[in-house]
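The values are calculated or read from the model by the stated rules, or taken from the named source; none is laboratory data. Computed from a predicted structure; not experimentally measured. Virtual Cβ from ideal backbone geometry, glycine too; neighbours counted across all protein chains shown.
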Amino acid sequence: MVDLRQQYSKIEKEINNAVLNVLDSSHYINGKEVQDFATNLAKYLDVKYVIPCANGTDALQIALMALGLEPGDEVITPSFTFIATTEVIALLRLKPVFVEVDPKTFCINPDELLKLITPKTKAIVPVHLYGQTAPMDEIMAIAKKHNLFVIEDNAQAIGADYISADGKKRKAGTIGNVGTTSFFPSKNLGAYGDGGAIFTNDDLLFEKIRMVANHGQSKRYYHDIVGCNSRLDTLQAAILNIKLQHLDEYILARQTVANFYDRAFENNSKISIPFRSSSSTHVFHQYTLLLNEVENPEKYRNELIDFLAQNGIPAMIYYPVPGHKQKMFEQFNSSFKEMPTTDWLTQRVFSLPIHTEMDTDQLNFITSKVLAFLIK
Ligand SMILES: *Cc1c(COP(=O)(O)O)cnc(C)c1O
């Protein structure tokens with residue numbers, strides 16, 4: 001699905017230098033590169049604070065811990081997302097309340113969100129799935145009205161612009177109270193190991209998040225609140241400092257691939273190409289197609305994926321089991337509502353390879369094989 005080796009070879013000298021500098025300094029933890037990266041990313045995102053941490057799941061957990069919620073408080077989030085988003089809610093003894101997504105954008109449907117708000121609702125976690133932002137104007141208006149926190153799970157959309165109704169552009173992850181991201185190697189801004197970050201414009205939340213991520217420490221060996229230990233190591237920060245300089249170019253490369261796929265598939269009645277929202281740019285963490293009405297979509301999709309695999313083409317389902325059907329949430333089952341849109345999408349989505357190093361030959365090969373299967 002990605003080609004990280006070839007991407008590395010293009011920036012090999014810069015990366016090797018940066019890594020050797022860290023080894024030479026031997027400041028493996030909290031070296032200068034970590035603060036530099038936080039500063040550089042804050043500038044890129046145009047956000048006041050960036051707090052680096054160990055991975056994207058920790059970022060979500062720490063953000064939620066910093067809000068001072070009580071056990072049993074309800075957090076509304078999509079069922080149609082990667083498990084990390086919803087898992088941390090249950091881990092903190094909060095209650096995940098699953099909201100339907102819009103079948104076109106794959107992100108939270110604000111009308112459905114409104115229906116789920118109760119006196120126990122304390123926060124909303126929108127996910128900018130596949131690289132396009134959730135409808136933040138609507139989500140923020142609902143949050144304001146009902147006094148709710150908003151934590152944007154921006155693991156898949158770093159660098160995407162949200163365009164408000166008034167034309168104002170802001171980076172995904174900087175609109176809610178807190179934003180979180182992941183630097184897992186295959187993410188759009190990927191490290192060479194694990195990494196994550198939390199963003200906020202709020203002074204008090206910044207202090208709280210920094211403390212939570214560092215054993216609840218206010219000053220050395222004084223621990224005021226229960227926290228955790230979550231750090232981005234210096235080597236990863238050094239690598240990310242270089243890759244951040246290439247992020248816009250990487251996004252453009254992904255968009256070029258997506259445009260190619262769009263042109264190849266736009267007139268095929270069996271599949272729908274990704275919807276492009278007018279309120280967001282799309283950074284195409286995934287290129288996800290939707291099967292239109294075919295008789296048995298899951299069977300048809302499996303046959304398509306097998307056919308592609310026989311031709312050496314990987315294709316993936318993100319995600320085959322939605323949150324409301326995961327065994328880990330059985331304890332909450334009785335309160336889950338039916339989720340027809342999420343179930344419908346889960347049976348029909350599939351993603352094709354997309355990364356920064358794809359060439360026209362590969363794209364021609366992949367699109368010709370997909371089309372060959374669809375006309376059968
Ligand atoms: C990748 C991802 C995460 C978690 O990131 P890790 O760094 O793997 O912990 C969380 N949410 C979403 C939507 C993701 O895609």
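Observations, loosely collected:
Residue by residue, here is whether (1) of a type in the set (D, E, K, R); (2) within 14 Å of the chain's Cα centre (by Cα) holds:
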| position | (1), (2) |
| --- | --- |
| Leu64 | no, no |
| Leu69 | no, no |
| Val99 | no, no |
| Glu112 | yes, no |
| Thr121 | no, no |
| Leu129 | no, yes |
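- So Leu371, is it under 16 Å from Val294 (Cα atoms) and assigned to a helix (DSSP H, G or I): yes
- Residue among Ala134, Ala42, Ala59, Ala63 that alone is buried (at least 20 other Cβ atoms within 10 Å of the Cβ), out of contact with any helix residue (DSSP H, G or I) (no Cβ under 8 Å at 6 or more places or on another chain), in a helix (DSSP H, G or I) and in contact (Cβ under 8 Å) with a residue 24 or more places away in the chain: Ala59
- Any hit, the stretch 336-353, residues being of a type in the set (Phe, Trp, Tyr), farther than 19 Å from Phe260 by Cα and part of a helix (DSSP H, G or I): yes
- Val2 meets the conditions (1) crowded, with 17+ Cβ neighbours inside 10 Å; (2) modelled with pLDDT of 95 or more in every case but one. The failed one is (2).
- Of all residues in the stretch 100-123, those being surrounded by 17 or more Cβ atoms within 10 Å (Cβ to Cβ) and away from the ligand (no atom under 15 Å from the Cβ) number 11.
- Failed item in (1) touching a strand residue (DSSP E or B) at 6+ places or on another chain (Cβ under 6 Å); (2) within 14 Å of the ligand (Cβ to nearest atom), with Ile76 passing the rest: (2)
- Sole exception among (1) within 13 Å of the ligand (Cβ to nearest atom); (2) surrounded by fewer than 18 Cβ atoms within 10 Å (Cβ to Cβ); (3) under 19 Å from Gln236 (Cβ atoms) for Asn21, by number: (1)
- Scoring Phe184 on the criteria (1) among the hydrophobic types (A, V, I, L, M, F, W, C); (2) buried (at least 23 other Cβ atoms within 10 Å of the Cβ); (3) within 11 Å of the ligand (Cβ to nearest atom) leaves a single failure, condition (2).
- Considering (1) loosely packed, with under 14 Cβ neighbours inside 10 Å; (2) over 25 Å from the mean Cα position of the chain (by Cα), the lone condition that Asp248 does not fulfil carries the number (2).
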